[in-house]
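A quick write-up on the structure given underneath.
What follows draws every value from the coordinates through simple rules; no lab data is involved. Remember, predicted model here, so these are calculated numbers, not experimental data. Here Cβ is always computed from backbone atoms with ideal geometry, including for glycine, and neighbour counts include all displayed protein chains.
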Amino acid sequence: MDTNRVWRKIGINTSAISRIENSNQKFSKSKLKKLAELFQIDSQRVTDLFFADKFAREAFKYKCSDSIFIVAENTANYIKNTNVKQGKLEL
């Protein structure tokens with residue numbers, strides 16, 4: 001399947017394609033589910049790849065060291081753990 005056909009199937013017109021390719025428009029997160037369905041890939045996997053790419057590009061843009069990925073993982077774990085609902089303690 002050619003690239004233009006993929007874009008059409010997920011609902012992105014040719015002018016938007018050009019803007020995305022030239023970094024004048026960002027790829028919409030709302031299109032991820034359609035992309036996953038089109039390629040029969042788990043939508044969580046596509047979402048993970050989308051955000052990993054965004055993060056890696058920003059880190060590269062700002063010339064961050066490789067340790068940024070460890071820091072990001074630790075931060076993500078901290079956020080995940082602080083957002084876990086605590087169970088009730090019955091005495």
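A dipole drawn for the stretch 3-82 from +1 and -1 charges on Cβ atoms has a positive end, and of 10, 39, 23 the residue lying farthest that way is 10.
The charge dipole of the chain, taken about the Cα centre with unit charges on the Cβ atoms of Lys, Arg (+1) and Asp, Glu (-1), comes to about 400 debye, rounded to the nearest 20.
For the chain, the alpha-carbon coordinates run over 62, 36, 19 Å along the three principal axes, in decreasing order.
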